[in-house]
Amino acid sequence: MRTSKWIFTAALLVSVSAAQQASDSQSSAQPQASQSQTSTAPAPTPSILPQPTTMDQVVDRFIEREHGLMKALSTRTPVVETYLQNLTADPQLGPVPSADHYFLGRMDMGETVDRKDYLKDQDRGMETRLMGGFNKLFKVQYQPLGFSWMVYADRTDFDREHYEFHYIRREFLGEVRCLVFDVTPKKGSGRGRFLGRVWVEDQEYNIVRLNGTYYPAPRNSYFFHMDSWRLNLIPGYWVPAYIYSEEGDFSAGVKNKMAFKAQTRIWGYDLKKGGKDDELTQIRVDSVKDESASTQDASPLQAERVWQQQAEDNVVERLTSAGLVAPEGDVDHILQTVVNNLEVTNNIDLPRPVRTRVLLTAPLETFSVGNTIVISRGLIDVLPDEASLAAVLSHELAHIVLGHNLGSKYAFNDRMLFSDDSTYNNLGFKHIPEEEAAADKKAIELLNNSPYAQKLDNVGLFFKSLQAHATQLNALLTTHLGNPLAENGTISRLAALATKGPALDNNKLDQVAALPLGGRVKINPWDDRAEMVKTAPVAITSARDKMPFEVTPFYPRLARWGASTTPTATPTSAANSPSGN
């Protein structure tokens, strides 16, 4: 049976009231002293101490390293995204999403463990039920987005005075050999202590994984369970990257007070780390005199195009600096190839090349500004094949071909002067209905003339599957910069394609209409670079293996900094790691 899953990055406490059995969660905000830091990466702590020879020495070392990590990251304010799906039981498919919720913002990893929301219209009902308010006893503060609960096991008291440590075995997580310890709070050490297991890599003795919950909880309350992973993205440190959590029991006769699964992703650790010290170091003045004919004054049309490109560049640069768009990289080249296929086969000759970029967030979203098409990581994840990717890109290419240019006002640089948390309030690229309809019509024309013309049945299955889940996945289908794919629970984008192809049939194991979230694109949490996930194919043995649009656990193949294999973070519904003693 598939179990429910969920994630956050803060200590989540859930209280169940006697009257309504409603749940309130709270995040453990245990402060650490901040440290001034100006370099692009924390300075690694050299391993000048002798290697431990006993397990007691290993425990002392990873306790020390954990506090060192807290100090090293205390000035960082990464982006934190949590996507949660409530679950209900389906006789055929098992636990399936019944509703969803989405949170996005920046987390301060210093003393206050504070955060700023990117989304000003957060799901207030979800906040009330799950994230509660301020609790003086546990220094717990409501934080709907970051919930930095399992970023660390314990922010203030991770030591021998408060915990017992029991060595279990050695085990490999990917390429990294780890020592596994069970961690239990000592009697009388206080409420809300970490209870679970940690994996410690065996070279510098950093914690690379935490799995468990907090205990004991206050009366009529409980803490969620979580699985927290770190990646070795900079020398000397393993930084928190992914947290997965799940609650719910779908055994016969069990009544679920709360059932959900969720993923939290953290990225953008190295955002905006340039300071005054390097303001003048990169300036270079070249004396160049260009006397070519093209240096004459621009014609009105040329001036208009240059103006649009200036706006386009301003927007992409601002979204990148806010941690919302990935720097240009390998995924963009793949997207660009698909766009080129559409252009070449349709004899499209634009005055400027079309660029593509990846929006790092989960909601299914595309938009275009100038000649740049932006598509979200979540949408790339769930698309089952290249034809489906071509379909969603063709809609934005159609806007460009039809001259539906948006965003020229952003050529004024003062319009880029806003805080990161107000990005969604200051930027928007939504077309009027008439332009959307014209783009859909043009997109289908482009697809019919493209190499993907014979594969549009598969595209139709994707939109049928999206329609089947539209009412349950409102948060995933809520766009924040571009036009929505669905309105009022009905798919509106390229709706004509939904009539193509065979009927949607969950019992046909070879019919994969949509993928789970997280299976296509991985993000480097330190520098935000996007890469395509490389995984071995896994046979689908039942309808429950399909999991369209669902979140699943993380199970990264860990690797050390500088190793030939980059650490990956592919969510998977079934994965086991080898172990050895």
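The values are calculated or read from the model by the stated rules, or taken from the named source; none is laboratory data. Bear in mind the structure is a predicted one, so any value in this text is a computation, not a measurement. Heads up, the Cβs are rebuilt from the backbone with ideal geometry, glycines too, and the neighbour counts pull from every protein chain shown. For accessibility, only protein heavy atoms count, side chains too; no ligands or nucleic acids. Shrake-Rupley method; radii C 1.70, N 1.55, O 1.52, S 1.80 Å.
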- prompt: For L494, all conditions in the list (1) within 30 Å of T75 (Cβ to Cβ); (2) over 24 Å from the mean Cα position of the chain (by Cα); (3) of a type in the set (A, V, I, L, M) hold save one; what is the number of the exception?
  reply: (1)
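Yes/no per residue for (1) under 23 Å from the mean Cα position of the chain (by Cα); (2) more than 30 Å from A468 (Cα to Cα); (3) surrounded by fewer than 17 Cβ atoms within 10 Å (Cβ to Cβ); (4) at pLDDT 50 or above:
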site: A22; (1), (2), (3), (4): no, no, yes, no
site: A29; (1), (2), (3), (4): yes, yes, no, no
site: S36; (1), (2), (3), (4): no, yes, yes, no
site: P44; (1), (2), (3), (4): no, yes, yes, yes
site: M70; (1), (2), (3), (4): yes, yes, no, yes
site: V79; (1), (2), (3), (4): yes, yes, no, yes
site: Y83; (1), (2), (3), (4): yes, no, no, yes
site: A99; (1), (2), (3), (4): yes, no, no, yes
site: G110; (1), (2), (3), (4): yes, yes, no, yes
message: Need pairs with beta-carbon distance below 6 Å; first residue more than 13 Å from V151 (Cβ to Cβ) and outside any strand (DSSP E or B) and within the range 265-276, second β-branched (V, I, T) and at pLDDT 90 or above; sequence gap 6+ or separate chains.
response: G268/V79
task: Identify all residues within the range 466-495 that are in contact with a Pro (Cβ under 9 Å, 6 or more places away or on another chain), farther than 26 Å from N341 by Cα and not β-branched (V, I, T); write none if there are none.
output: A468, H469, Q472, L473, A475, L476, L477, H480
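Quick one: count up the residues across the range 180-194 that are closer than 12 Å to A217 by Cα and either part of a loop (DSSP other than H, G, I, E, B) or open to solvent by 20 Å² or more (accessible area, probe 1.4 Å) (or both).
Narrowing the range 180-194 to residues closer than 12 Å to A217 by Cα: 190-194.
Next cut, either part of a loop (DSSP other than H, G, I, E, B) or open to solvent by 20 Å² or more (accessible area, probe 1.4 Å) (or both) only: 190-193.
Final tally of qualifying residues: 4.
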message: Here is a list: R493, R557. Which entry is buried (at least 22 other Cβ atoms within 10 Å of the Cβ), basic (K, R) and at pLDDT 90 or above?
response: R493
- prompt: Given the range 417-475, what helices (runs of 4 or more DSSP H) lie entirely inside it while holding 2 or more residues that are more than 23 Å from the chain's Cα centre (by Cα)?
  reply: 433-448, 456-469
message: Looking only at the range 510-538, filter to residues that are over 25 Å from D332 (Cβ atoms) and either among the charged types (D, E, K, R) or touching a Ser or Thr at 6+ places or on another chain (Cβ under 6 Å) (or both); which one of those is least open to solvent (accessible area, probe 1.4 Å)?
response: A513
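Return the residues of the range 45-62 that are over 30 Å from T552 (Cα atoms) and among the hydrophobic types (A, V, I, L, M, F, W, C); say none if nothing qualifies.
Of everything in the range 45-62, those that are over 30 Å from T552 (Cα atoms) and among the hydrophobic types (A, V, I, L, M, F, W, C) turn out to be I48, L49, M55, V58, V59.
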field: Tally of residues being open to solvent by 10 Å² or more (accessible area, probe 1.4 Å), of a type outside the set (G, A, S) and over 22 Å from P353 (Cα atoms) across the range 363-419
entry: 9
query: Yes or no: F172 more than 23 Å from the chain's Cα centre (by Cα), assigned to a strand (DSSP E or B) and among the aromatic types (F, W, Y)?
result: yes
task: Tally the residues that are touching a residue at least 40 places away in the same chain (Cβ under 8 Å) and either open to solvent by 10 Å² or more (accessible area, probe 1.4 Å) or among the acidic types (D, E) (or both), restricting the search to the range 333-354.
output: 9
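Results for (1) modelled with pLDDT of 95 or more; (2) polar (S, T, N, Q); (3) in contact with a helix residue (DSSP H, G or I) (Cβ under 6 Å, 6 or more places away or on another chain); (4) within 30 Å of L515 (Cβ to Cβ), shown as yes or no for each residue.
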position: V382; (1), (2), (3), (4): yes, no, no, yes
position: E386; (1), (2), (3), (4): yes, no, no, yes
position: L393; (1), (2), (3), (4): yes, no, yes, yes
position: F412; (1), (2), (3), (4): no, no, no, no
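When you check T541 against the structure, is it in contact (Cβ under 8 Å) with a residue 12 or more places away in the chain, surrounded by 22 or more Cβ atoms within 10 Å (Cβ to Cβ), of a type in the set (S, T, Y) and part of a loop (DSSP other than H, G, I, E, B), yes or no?
No.
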